[in-house]
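The values are calculated or read from the model by the stated rules, or taken from the named source; none is laboratory data. Note that the coordinates shown come from a computational prediction; the quantities given were computed from them, not determined experimentally. For neighbour counting, all protein chains shown are included, and Cβ atoms are generated from backbone atoms with ideal geometry for every residue, glycine included.
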Amino acid sequence: MTEDFYMKVGLAGTGWRAQMYVRVMKALGEEFEVSAVYVHSESSREREEKNFPGKVYTDYDEFLATKPDCVVFMLKYGAALPFAEKAMEQGIPVLCETPPAATVEELQAWYQAKEKAGQSGSLAGNCHGWNRWQNSIASSLIIRH
């Protein structure tokens, strides 16, 4: 990394994947910061404030107002798209770490959202149970620019 590289990362969701991202960012040094965390409820906020660096938000608009350089989604299966659309519309790149969709049509909605926003979007979640052609379609829909 260059000396002047610095990235504020917003995490949407908590759990083991988010904890892994925090550990990796800490191990990489000062180039990355968890600047904000989004959770779905007040009880989650109270619980997770002690587990995560950065402020924990229950209001997604307030979370985005922190202007993260990117948002990593670790929400339950298929729940990230409406949140990702809003981030992409604001020019914030997104990464979906959990399975983004259950059908090819839902994956096409991801592609349409990224095209509409003029953003790139990436999927990193393993789609267990999908056959090879579904994974190929997912890759071609989301990763191509």
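Here are some notes:
- For Ser41: the one exception among (1) modelled with pLDDT of 85 or more; (2) closer than 26 Å to Met7 by Cα: (2)
- Strands (runs of 3 or more DSSP E) enclosed by segment 10-88 - at least 3 residues per element that are out of contact with any Lys or Arg (no Cβ under 7 Å at 6 or more places or on another chain): 32-38, 70-73
- Residue within segment 102-120 that is at pLDDT below 85, over 23 Å from Val9 (Cβ atoms), polar (S, T, N, Q) and not in a helix (DSSP H, G or I) present: yes
Quick grid of which residues meet (1) under 23 Å from Pro99 (Cα atoms); (2) surrounded by 14 or more Cβ atoms within 10 Å (Cβ to Cβ); (3) not aliphatic (A, V, I, L, M):
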{"site": "Val24", "(1), (2), (3)": "yes, no, no"}
{"site": "Glu30", "(1), (2), (3)": "no, no, yes"}
{"site": "Val37", "(1), (2), (3)": "yes, yes, no"}
{"site": "Ser43", "(1), (2), (3)": "no, no, yes"}
{"site": "Phe63", "(1), (2), (3)": "yes, yes, yes"}
{"site": "Pro68", "(1), (2), (3)": "yes, yes, yes"}
{"site": "Phe73", "(1), (2), (3)": "yes, yes, yes"}
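- Pairing residues of segment 26-43 that are closer than 17 Å to Phe83 by Cα with residues that are surrounded by 20 or more Cβ atoms within 10 Å (Cβ to Cβ) and of a type in the set (Lys, Arg), at Cβ distances under 9 Å and at least 6 apart in sequence or on separate chains, gives no pairs at all.
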